[in-house]
1. Dipole size in debye (nearest 20) for the chain around its Cα centre, Lys and Arg Cβ +1, Asp and Glu Cβ -1?
2. Let me check I have the definition right: for the stretch 1-85, take the eigenvalues of the Cα gyration tensor, multiply each by 5, take square roots. What are those semi-axes in whole Å, largest first?
3. Arranged from highest to lowest average of other beta-carbon atoms within 10 Å per residue, in what order do the peptides 9-16, 66-73 appear?
4. To the nearest 0.05, how large is the calculated FRET efficiency for Q17 and Q51 if R₀ is 22 Å and r is the Cβ-Cβ distance?
Amino acid sequence: MVRGQIRACLEGLAPEQMAGLVIAYEPVWAIGTGEVCEAGEADRVCGLIRQTVREMAGDAAADAVRVLYGGSVNDTNAAELLAKPEIDGALVGGASLKADSFSVICKAAAQG
């Protein structure tokens, strides 16, 4: 399903255009729920997104595209998520409104 959605969205774009994209993945069930995807699963799906870009546009585009995970990212799970190799960053919602929490997330991003 995710692979098909990515293909449909990127169809017709040149490799150079794909290389400049930032793609955010958030499971439908995580939207507005406060539930976070297990880090290994989030990494797997972000890798699937990158692999789809690779198949469509080649290695350079796949290496350049930024794939973010969004879905209840907060100060307690950001470090684990951002340490995963296929996750390039986080799409942060409500936790960005709390300075102390957001500071922890930013520090995790700098280390991840």
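Any read-out appearing in this document is the output of simple, stated calculations on the displayed coordinates, not a laboratory observation. Keep in mind that this is a model prediction, so the values were computed, not measured. Methodologically, a virtual Cβ is constructed for each residue, glycine included, from the backbone with ideal geometry; neighbour enumeration extends over all protein chains shown.
1. 100
2. Result for the stretch 1-85: semi-axes of 24, 13, 10 Å.
3. 66-73, 9-16
4. For R0 = 22 Å, the calculated efficiency reads 0.75.
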